[in-house]
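Before any comments, here is the structure.
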Amino acid sequence: SGVVIMKFKHLTYFILTAATSIGCGNATGVTSEELEGTWSATQYVFTSEANPAEQADVIALGGSYTISFMATGDFTSTFQEPGEQLESRSGTIVTGGDTLTISESGQGSPTEFVASRSGSTLSLTNSDEEYDFDGDDVEEPATLRIVLRKM
């Protein structure tokens, strides 16, 4: 689709959002114990709010994201955008219904996400994201959908 991969200005925020898809509870009452283990992203898709046909999937473009979720509610994650160095993060996750709240160590306020789980697949949708779709170094409002599969 001609999307140019741009450096993420808010890599920490993206890692937080990806991490949340693992700890997400859903209407069936998913617990951190059920989610314990390592998960890998199969999709990390930004969709433009202004033009929903405009999308960028970081995984399909060559990036990677994995997270290890501990029964204690702690997490460690790695994120790598195409052509960039691997970044690591850690913090805590709290689940409740279909809301997941994540707090990254050394960062500001916790962030809430809505997610769902089906078997070994976790999905997260966050409508309060930004992404530089046209390569002009200006991030635009976007929705982020992350799909993770348990390894």
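The values are calculated or read from the model by the stated rules, or taken from the named source; none is laboratory data. Just so you know, these numbers come straight off a predicted model, no measurement behind them. FYI the Cβ positions are ideal-geometry reconstructions off the backbone, even for glycines, and counts take in every protein chain you see. Surface accessibility is based on the protein's heavy atoms, side chains included, excluding ligands, DNA and RNA. Shrake-Rupley method; radii C 1.70, N 1.55, O 1.52, S 1.80 Å.
Miscellaneous remarks
- Amide hydrogen proximity for PHE133: with H placed 1.01 Å from N in the peptide plane, the residues at 5 or more positions away or on another chain lying under 5 Å are GLU140.
- Accessible surface of the range 54-129, 1.4 Å probe, proportion on carbon and sulfur as whole %: 44 percent
- Accessible surface, per residue, of the range 57-122 when the full set of protein chains is kept, probe 1.4 Å, Å²: 48 Å²
- Dipole orientation for the range 24-118: of the candidates ALA53, GLY73, THR42, GLY73 has the Cα lying most toward the positive pole (charges on Cβ; Lys, Arg +1; Asp, Glu -1).
- Overall, the range 24-151 carries a charge dipole of about 840 debye about its Cα centre when +1 sits on the Cβ of Lys and Arg and -1 on the Cβ of Asp and Glu, all other atoms neutral.
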